[in-house]
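As structure tokens, the structure follows; a few thoughts come after it.
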Amino acid sequence: MLLKQSVVLFLKHAILNPKYLLYFYGITMFTMTKSLNRPIRVLVAKVGIDGHVRGAKIIATSLRDAGMEIIYTGLRQTPEMVVNTALQEDVDAIGVSSLSGAHMTIFPKIMKILKEKGLNDLLVTGGGIIPESDMNVLHDLGVGKLFPPGTNTEEIVAYITHWAEEHRNF
């Protein structure tokens, strides 16, 4: 049904704006490489006192537009709240936006709680202002790819889609 709605939306916008055709076609190529029986479920979280929400909302909207089901936590979540929401919502991936410099506390805490709850099969990814050396440390802890500000949203869509195709069977 979602694909049918997307095609109708595409046809309406492609007629009005030929540039939309290229944009829609590019997203479709990323998201339709493997037939999945349900949408990929992604939790988008803002942890701590970081109030910079624009990037998280843009990512959430881009993932939604690519056919993913998005659960957005809103501001000022704790790692415990994020993991509990992920468990309750049965998500495939958690995306954390971190612009406050607290990434070396937030991501390890989320990973620790996930392990404690036996949730070892979720993708934990995210983005923000995270130095490359910290990205490497977080990757060693099991965190997936981390995206710096300005990353093309199609790259993020492709990464999550590819991960789901490789690690999920639905």
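The values are calculated or read from the model by the stated rules, or taken from the named source; none is laboratory data. Computed from a predicted model, the values in this text were never measured in an experiment. Quick reminder, even Gly has a Cβ in these numbers, built from the backbone with ideal geometry, and neighbours come from all protein chains shown. Ligands, DNA and RNA are excluded from the accessible area calculation, which covers all protein heavy atoms including side chains. Shrake-Rupley method; radii C 1.70, N 1.55, O 1.52, S 1.80 Å.
Data table
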read-out: Qualifying residue in region 73-89 (condition: in a loop (DSSP other than H, G, I, E, B), at pLDDT below 95 and closer than 16 Å to residue 148 by Cβ); value: no
read-out: Residue 6 being of a type in the set (S, T, N, Q), closer than 22 Å to residue 162 by Cα, modelled with pLDDT of 50 or more and out of contact with any Cys (no Cβ under 7 Å at 6 or more places or on another chain); value: no
read-out: Residue 116 being surrounded by fewer than 14 Cβ atoms within 10 Å (Cβ to Cβ) and farther than 25 Å from residue 54 by Cα; value: yes
read-out: In region 40-72, residue surrounded by the fewest Cβ atoms within 10 Å (Cβ to Cβ) [restricted to those that are part of a loop (DSSP other than H, G, I, E, B) and either modelled with pLDDT of 95 or more or basic (Lys, Arg) (or both)]; value: 67
read-out: Search result, residues across region 121-166 that are in contact (Cβ under 8 Å) with a residue 12 or more places away in the chain, part of a loop (DSSP other than H, G, I, E, B) and open to solvent by 60 Å² or more (accessible area, probe 1.4 Å); value: 121, 129, 141, 145, 148, 149
read-out: Residue that is most open to solvent (accessible area, probe 1.4 Å) [pool: residues in region 73-99 that are free of Cβ contacts under 8 Å to residues at least 40 places away in the same chain and hydroxyl-bearing (Ser, Thr, Tyr)]; value: 78
